[in-house]
1. In region 195-245, which trypsin sites (Lys or Arg not before Pro) are in a loop and have at most 14 other Cβ atoms within 10 Å, using DSSP for the loop call?
2. So, in Å, what gap is there between the alpha-carbon centers of region 109-174 and region 175-191?
3. Please report, in debye to the nearest 20, how large the charge dipole of the chain is about its Cα centre when each Lys and Arg carries +1 at its beta carbon and each Asp and Glu carries -1 there.
4. Indicate the helices, whole DSSP H runs only, in the chain that combine a mean Kyte-Doolittle hydropathy of -0.5 or more with a Cα extent along their long axis of 30 angstrom or more.
5. Region 55-99 to region 1-44: how many Å between their Cα centroids?
6. Restricting to DSSP loop positions (anything but H, G, I, E, B) with no more than 15 other Cβ atoms inside 10 Å of their own Cβ, which trypsin sites (Lys or Arg not before Pro) remain in region 109-168?
7. Please give me, ordered by residue number, the trypsin sites (Lys or Arg not before Pro) of region 1-84 that lie in loop per DSSP and have at most 12 other Cβ atoms within 10 Å.
8. With the contact rule set at Cα under 8 Å and sequence spacing of 6 or more, what percent relative contact order holds for region 104-184?
Amino acid sequence: MARKLHAFIDEAGVRSRSKASSDHFVMTAVVVGDQDLPLAAQFLAQIRIDLGRRPGDTIHWVALKKHEQRVHAAKSLGSQPWVTISNVVACKRHLTNHITDSQFYLYTFRYLLERLSWFARDSQATLSYTLAHITRPQMTLGELRQYEAALQVMPTSIEWGALDPKGGRIEQPNKVEMLQCADLAASATFRAFEPDQFGNTEQRYLGELRPRLYRRGNGAITSYGMKLHPGESSTKAAYRWVAAL
């Protein structure tokens with residue numbers, strides 16, 4: 001039997017491309033082997049203890065108000081040998097094509113699904129994936145199935161043979177707790193790109209996740225664990241520090 005992998009996907013930032021929205025939108029997957037799910041559960045249980053939460057509490061990045069709490073959460077996740085993290089970062093002010101917000105979200109998801117399928121293929125595994133409940137606007141399971149079907153007839157780089165043929169799921173983080181790890185990873189990544197009200201970014205959190213970012217041999221981190229789009233030279237020039245991760 002093929003090895004089984006599970007990807008848990010969440011997002012950070014606003015998918016809208018209005019002038020008032022965030023400059024970046026991040027979609028992140030944390031990938032865990034089937035045999036390592038108990039270790040992942042133990043990790044979350046310990047994080048709750050560390051942060052003074054009750055057993056079973058849902059961990060949300062936005063609820064971690066102190067810098068040291070966020071550093072600890074990112075550092076703890078980044079030290080777990082059982083997890084692999086892949087991000088797609090949409091640098092919205094560099095996008096020039098005119099697509100709807102929903103199409104923009106799906107395009108970002110396509111990039112991430114490609115990378116997840118490559119990781120599963122290289123691992124000789126079958127990967128299933130679960131997305132955190134999607135709002136603004138809500139995405140239904142039926143719409144996800146329609147998009148998966150559309151992707152299968154499009155000229156993408158997705159390795160469909162490495163993905164669970166049943167397709168993805170949509171769940172709440174309080175029901176599938178590993179989505180809470182995806183929330184931590186997505187938000188930590190977002191803070192490295194998105195400036196605060198004073199124009200400052202915080203790369204420390206992402207730096208703590210660096211050991212677990214998806215790398216394929218000597219391939220560029222921007223091709224696998226930290227995909228930027230659009231992939232133009234101007235985008236890469238604006239975020240030169242990413243290539244050094």
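Here, each number is a calculation from the coordinates, and none is a lab measurement. Treat the numbers as computed from the prediction; the structure is a model and nothing was measured. Neighbour counts run over all protein chains shown; Cβ positions are idealised from the backbone, glycine included.
1. Of the trypsin sites (Lys or Arg not before Pro), the ones in loops of region 195-245 whose Cβ has at most 14 other Cβ atoms within 10 Å are 216.
2. 17
3. Values: 31 positive and 23 negative charges, 66 e Å.
Computed charge dipole of the chain: roughly 320 debye.
4. Numbers: long enough: 101-122 (32 Å, -0.42).
For the chain, where a helix must reach 30 Å along its axis and average at least -0.5, the hits are 101-122.
5. Their Cα centres are 8 Å away from one another.
6. Working: sites: 110, 115, 121, 145, 166; in loops: 166.
Filter output for region 109-168: 166.
7. Numbers: sites: 3, 4, 15, 17, 19, 48, 53, 65, 66, 70, 75; in loops: 15, 17, 19, 53, 65, 66.
Taking region 1-84 and a limit of 12 other Cβ atoms within 10 Å, the loop trypsin sites (Lys or Arg not before Pro) found are 19, 65, 66.
8. Values: 71 pairs, mean separation 34.8, N = 81.
Relative contact order for region 104-184 comes out at 43 percent.
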